[in-house]
Amino acid sequence: MRDWKNAVSLSNNEVRLQLHVIPSFSHSVFPAEYNTWRNSIEIKVKARTKENKANREVRDQIVMFFNISQKEVCIIHG
C-alpha cells in the first residue's frame, strides 16, 4: 500500500484518515488498499449504508485496528 501517507494528516493533536468506504462487501477489510485517485485508504465493510450501519462498522474496524476506544473515533463526513 504505497503512498498511504497522503491519506494521513495531523491536525490539532488529532490524526485524520482520509478513507474511502466500500459498503456491502463480502467481509470487512481494513486497510484494504490505497486509492491513488482519491488519495485515500480503502476500508471494506459488510454493512450497508442504510441507518448509519456502514459508519458504525467503519468506526468498529478502526477501533479494533488501532486498539483505541470508540470515543476516540469521530467520523467527520460520511
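Bear in mind these aren't lab numbers, they're just calculated from the coordinates by the rules spelled out. Since this is a predicted model, take the numbers as computed values, not measurements. Here the Cβ positions follow ideal geometry from the backbone for every residue, glycine too, while neighbour counts run over all protein chains shown.
Based on this model, can you work out whether residue 54 counts as within 12 Å of residue 75 (Cβ to Cβ) and either out of contact with any Cys (no Cβ under 6 Å at 6 or more places or on another chain) or of a type in the set (Lys, Arg) (or both)?
Yes: the conditions hold for residue 54.
Residue-by-condition table, conditions (1) surrounded by fewer than 16 Cβ atoms within 10 Å (Cβ to Cβ); (2) β-branched (Val, Ile, Thr):
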position: 6; (1), (2): yes, no
position: 15; (1), (2): yes, yes
position: 19; (1), (2): no, no
position: 24; (1), (2): yes, no
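Go through the residues of the range 53-66 one by one and say whether even a single one is touching a Ser or Thr at 6+ places or on another chain (Cβ under 9 Å) and in a strand (DSSP E or B).
No, that holds for no residue.
Between a residue in the range 6-21 that is free of Cβ contacts under 8 Å to residues at least 60 places away in the same chain and any residue that is exposed (fewer than 10 other Cβ atoms within 10 Å of the Cβ), which pairs come within a Cβ distance under 9 Å, given they are 6 or more apart or on different chains?
14/74
Take the residues in the range 27-53 that are charged (D, E, K, R) and over 10 Å from the mean Cα position of the chain (by Cα), then tell me which one is nearest to residue 7 (Cα to Cα).
38
Could you tell me whether residue 56 is free of Cβ contacts under 8 Å to residues at least 12 places away in the same chain and either over 17 Å from residue 6 (Cβ atoms) or touching a Leu at 6+ places or on another chain (Cβ under 6 Å) (or both)?
Yes: the conditions hold for residue 56.
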